[in-house]
1. Tell me, what ³J(HN,Hα) does each residue in region A:45-59 have, in order and in whole Hz, if you take phi through Karplus 6.51 cos²θ - 1.76 cosθ + 1.60 with θ = phi - 60° and put x for Gly and Pro?
2. Send over a whole-number figure in Å² for the accessible area per residue of the protein assembly as shown, probe 1.4 Å.
3. Can you bin region B:663-799 into rounded, prolate or oblate? Criterion: square roots of the alpha carbon gyration tensor eigenvalues sorted a ≥ b ≥ c, rounded for a/c under 1.5, prolate for a/b above b/c, oblate for the rest.
4. Past the 21 Å Cα-Cα mark, which pairs from A:Lys199/B:Lys254; B:Lys13/B:Lys179; A:Lys398/B:Lys106?
5. Apply the a/c threshold of 1.5 to the C-alpha gyration tensor of chain B and tell me whether it is rounded, prolate or oblate.
6. Considering chain A as a Gaussian network with a 10 Å cut-off on Cα pairs, which listed residue, A:Leu47, A:Leu328, A:Leu73, attains the greatest mean-square fluctuation?
7. Return the subset of A:Lys69/A:Lys343; B:Lys49/B:Lys149; B:Lys278/B:Lys323; B:Lys639/B:Lys714; A:Lys69/A:Lys360; A:Lys111/A:Lys230 for which the Cα-Cα distance in this structure is over 28 Å, preserving the input order.
8. Taking B:Lys400 as the anchor, which aspartates and glutamates have their alpha carbon closer than 20 Å to its alpha carbon, excluding any fewer than eight residues away along the same chain?
Amino acid sequence: MKESTDNVMNENGAGCAVNLSDNMNSAQISGDRVEFTREMKKDYTILIPDMLPVHFKLLRNIFLQNGYKVGLLKNTGRRVVDTGLKYVHNDTCYPALLVIGQMISALQSGKYDVNKVALMITQTGGGCRASNYIHLLRKALVKAGLSQVPVISLNLSGLESNSGFKLTLEMLYQALIGLTYGDLFMLLKNQVRSYEVNKGDADELIAKWVKELSSQFRHRKGYTPKGMEKNMRAIVEDFNRIKIKKVPKTKVGVVGEIYVKYSSMANNDLENFLVDQDCEVMVPGVMGFMMFKIDNRIEDINLYGGSLAKKKVVQALMKYCEMLEGMLRDSVSKYSDFMPPSKYAHIKELITGVVGLGNKMGEGWLLTAEMLELAESGYENIICAQPFGCLPNHIVGKGMIRKVKEIYPQANIVPIDYDPGATKVNQENRIKLMLAVAREG
Amino acid sequence: MRIGLDVGSTTLKCVVLDDNDRIIYKDYQRHFSQITEKTVHMLSDIREKFPDEKEVCLTISGSAGMGIADTLNIPFEQEVYATRVAVNKMIPGTDVVIELGGEDAKILFLTDGLEVRMNGSCAGGTGAFIDQMATLLNMEAGEMNEIAKNYDKIYTIASRCGVFAKSDVQPLLNQGAQKNDISASIFYAVVNQTIAGLAQGREIEGKVVYLGGPLTFLSELRKAFDNTLKLTGVAPENSLYFVAMGAALKKDNKSFDIDELIKKIEGYTATGGYASCKPLFTSKEEFDKFLDRHKKNSDHIKKVDTLTGHAFLGIDAGSTTVKAVVVDENANILCSRYLPNGGNPVPLIKEFLEDLYNQYPDIHIESSAVTGYGEEMIMNAFGVDYGIVETVAHFTAAKKFQPDVDFIIDIGGQDIKCFQIRNNAIDNIFLNEACSSGCGSFLQTFAGALGYGIEEFAKLGLFADKPVDLGSRCTVFMNSSVKQAQKDGASIENISAGLSISVVKNALYKVIRAASAKQLGEHIVVQGGTFLNNAVLRAFEQEIGHDVVRPEMAGIMGAYGCALYAMENSTGKSGVLDAEGLKNFTHEIKMTTCNGCNNHCKLTINIFDNGRRFVSGNRCDKPTSKKAEGPQYDLYTYKLHLLEEYRRSEIPKERARGTIGIPMGLNMYELLPFWYALFTRLGFNVVTSPNSSRSLYLSGQHTIPSDTVCFPAKLMHGHIEALLKENVDAIFYPCLSYNFDEGLGDNHYNCPVVAYYPEVLEANVKALRDVKFIYEYLGIHRRKDFTKKFHKVLEKYFGKMKFADVSMACNYAYEEYEKHMRLVRMEGRKYLRIAKREEKPVIVLAGRPYHLDPEINHGINKLICDLGAVVVTEDSVSDMADHVRTKVLNQWMYHSRMYAAAEYVADAGDPKLNLVQLVSFGCGVDAITTDEVRRILEEKGKIYTQIKIDEITNLGAVKIRLRSLFAATGQKSTK
């Protein structure tokens, strides 16, 4: 067993200068990839996919402030799907197809100077196919005649490095803070928007706050615990002032593969559809996923053994996340009647004895745990959104529905597959059925 | 008065209820996608029938009705929910409803917690599927029902998806199996599909109600359900109208003025619009120029009426059509024929020959050749001289039209075949996998469903202004895409053009997976019956961006190639039956079961006059040849044989600590020696579940929660059921995120399914909770930590145990595993040496350990041996590869062996050494590995061959692939 480098995060993580790790052999795929060099940093624009508009806008601003020119990709539609189909193996999961399709079709659109642009994609080291997105992207670039475009791996695993890009510990912390703010917005918005008296109030508020936070970030503010507490309180109070009319709505939770769950391009605008169908929607936040990924390192060591020193480092990072989580929860429960998100520790408790904590590929046990948590907190109507043929989902999604229902017999769960061929009409039909059952009461 | 309107995918149903909820009127019609017109029609009828009723309540239901309801603000009820409302009212006490519709299949569990299951995006076993099968059998669904009443036996037909089933049914037909048996088998396939796909672990029991078209009209389908479920279901009166009834019963019904309502619907044009592609032709001139260009390409091949000199016969007995052609010495065509094969090519060929001999009494056929699915049967039936693989036939023919041809694409009824030609030899072959074989017969079925003949239908699209963009996806998905387009108001012309375009896209992006036209080649010849369709041809040229050659005889190129081959290889005397011989021709079919081995293949024996016979249905050559020709070298068989030693231990009962049951599937095909050694050394007996079989699979299928997971994983449910029947103290099947690290890759994971499937079993097989099921997370990759952990696990389940004992047993286990792998590698080396000495071709059949299971590999290893090659496994050569540099993250251990094996094969530079990759259908990981293995091989000029396997039991297509590979490598090595 080689234990040369160890990583903090595997899947969908963000990079980290600290080398902790996961039984990863020294990376062998360096080969002929195009490096993102220090020179490029000066005038290259780094394009990143847009999974969650608010979160990613904040992340973008954090990157900007750290000296990187970053653009969020906003192109959607059939063209993205077709480009994906053209350049990526058609049986690859839908998220890969979309992300890569979005990037290549953006590069082909003429909007960017393809010699002054780089792409960034999260790289994972976990056992799910997502670890390979970056390589599929590079293959696709070659096929599309764009092999000069450097691709930056955003990872916590020391998988690939670039002289022009380094995710420092400070940036990592900033990113986690950004995601926490994003989660707060998502949480409050979901609880408000279905009841708004003036449609669009919540969105307006978010726009205002994203602007405000970005300006704070520019001045290196809004990151300190004090600053955060102040901001969060103000945000919560702002949302609390939005005029709402409480009418009974069907409460629906959404879980699933992370990209399909969040990206409206991937899930055919699921959240808006549900709101139109007279539902209140709850989508668990990104931080839970981040903590899950960090925690996996600890669980790996618990299950299979490993260095205690590494465990300590990871635990420190975990502690930091828990602090952020605590602030978010406190601000919500102290200054409003909104429902705060469950603690990660609580979600983990719920899953104990249901799915093993070693189940870590993809969304792993977290997906099942989120179903349990939603059912427990009153969102017993659940949509499990997944790419067609998603491997971890066979296990922790569809595979566990029966068990979730044993624990919460009232749970009303519908798995929905997303892929380029699945049509909206079929998906909506299935969701409507779930809602009809829900409304029967 | 309340009206419920059910707008289904293919039909329109309505029900009118009076104030006492009694049905006073009902109507059922196919809508052929003209939903608005038909709806108006139906409502007008109601208006006429009940002239006094002006105020009516209307609720719409059904998936195709959502659009109208939304736009016109008419109440809508989800159709399953409507069914439920109606059933509760009409048949109180119902436990389960099974409803099959045009494209939907549903099960409703009404008692003990309502659960509703609908088919997902992977849908087979519906009305459309039955229709498709009926078309294949050349009869109506009703006729199928009639003849199914007298069946003798049931064949295994893959039940997942229509396309799969088709590739099972077609060979059965071609092999002369009885249609009544096939019909009944199709019904049973539908039943299996419904149960496996929808029940997902819930038992179907109690009072069961059958609803929907197929279950209403097909008594034998109901019987198949009854027999399988071991109960008698209810087929209620009005079983077609339950959805409409449920809609009519909707509580908060809105009332309308019926005349205004009709007017409103009349004025409804679908909103939105849809994604569209470029029109095929914008003017008549453009079209004429196009036709003219294509005609010129075939000018040099003439049709002749009189024969001077010798004649050569070519036959292509394809899967859905039979083609025959006779040419003269100048390769001009004397006569040809193109016919749907109707399930049995023999009488068609007989008739062709009879007509030929009648018309040309003096004809002398000097040589003949046949290709296609029916090749062997036709050879035997008529004494045809040569049987050649389709690829060779097509290449031979294409050269006649484009001497520099470097790419051939043939879209036939059920297959897409593409060959890349380099240095005058077939360099690469693409065949469509079972999942995307939509192509020709799909167009046909669709045309039929919309009420057109295929030619008429395809022509509709030529001048369509906005062809629907249906993307590139398999048939089943396409159905719902079309449904969506209809909803969005696409005209029939635009749908027709869209379907032609999508056939092309399927071929390009799913089968060939080309990124650009340049990649295909400069000189492309297109052929196959589907390309006779100008819309498809045009779509192809548009998609790749340049002109191609379509021979006038695009539909009979296979047969023409055979005739040319026969000419080239003529010995001057053909064995083909002459006029006299044909007069005495007889053909008799007998069915029997082979008892040569455990497979118990169902054999179809065709006996012809003069004692010629042809046996089909066999997986090996045992029943057909008296003695095997020399020894066969098959490492798959050897590995299985090695594992036999670990299947059951016999420590006397009084000394044994207990018995451990191990399910024989997935990674156990590799780790069994490890666990066996570990447990037996500690004094436990070990028992494994029996070999996989169809019945073992069926016994577990009701607990499969995800119908799209790979077949090897699904089989585990059966193995667990089998173990539960053994008297074991514990069932052991650990979760393993990591595998051993062989140092071949960047990491050494198991895939998520292999790693965590025990969790799925625990969650869905209830009986496992009543036994000790040990599915702990273990890390065999860290030996020291593993020993400690395993000690703890043992103590948890079996009480105190000495650590020293466990530690020793672990050492022993690691050694036993090493020994096992060493033996495999040594034997592999031996086979390679033998192959070298005897100059035999070698196939590295690269899969995963569980592909050893004959129920999973369907005997492909034996088939390769029968073709004269030596078979070795990926893990027997992976250690010999030089440093493997992949362009993907090489993180799964089993797959790292495949990359290494590919590297080994690529580096060896031996034309006789090739790799065939086995891919399980639904294996997501292989979406990545197949591309990479292909790259490794092709960069060094090797041919990449992939075989996708699922429940499919037909080896016909696999054989074509392998023969093409051997033909191509044969050509290569002689160049």
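1. Karplus values, whole Hz, x for Gly and Pro: 9, 9, 9, 10, x, 10, 8, 9, x, 6, 3, 6, 5, 5, 4.
2. Values: 49930 Å² over 1416 residues.
It amounts to 35 Å² per residue over the protein assembly as shown.
3. In terms of gyration-tensor shape, oblate.
4. Working: A:Lys199/B:Lys254 27 Å; B:Lys13/B:Lys179 32 Å; A:Lys398/B:Lys106 17 Å.
Violating the 21 Å Cα-Cα cut-off are A:Lys199/B:Lys254; B:Lys13/B:Lys179.
5. Values: a/c = 1.75, a/b = 1.07, b/c = 1.64.
Judged from the Cα gyration tensor, chain B comes out oblate (a/c at least 1.5, b/c at or above a/b).
6. Most flexible of the set in this elastic network: A:Leu73.
7. Working: A:Lys69/A:Lys343 35 Å; B:Lys49/B:Lys149 40 Å; B:Lys278/B:Lys323 34 Å; B:Lys639/B:Lys714 23 Å; A:Lys69/A:Lys360 34 Å; A:Lys111/A:Lys230 40 Å.
Where the Cα-Cα span goes over 28 Å, the pairs concerned are A:Lys69/A:Lys343; B:Lys49/B:Lys149; B:Lys278/B:Lys323; A:Lys69/A:Lys360; A:Lys111/A:Lys230.
8. Candidates past the 8-residue exclusion: B:Asp292, B:Asp299, B:Asp316, B:Asp328, B:Glu329, B:Glu390, B:Asp410, B:Asp427, B:Glu522, B:Asp547, B:Glu552, B:Glu568.
The values are calculated or read from the model by the stated rules, or taken from the named source; none is laboratory data. Note that the coordinates shown come from a computational prediction; the quantities given were computed from them, not determined experimentally. Positions of Cβ are generated from backbone atoms using ideal geometry, with glycine treated the same way; all protein chains shown enter the neighbour counts. With ligands, DNA and RNA removed, areas are computed over all heavy atoms of the protein, side chains included. Shrake-Rupley method; radii C 1.70, N 1.55, O 1.52, S 1.80 Å.
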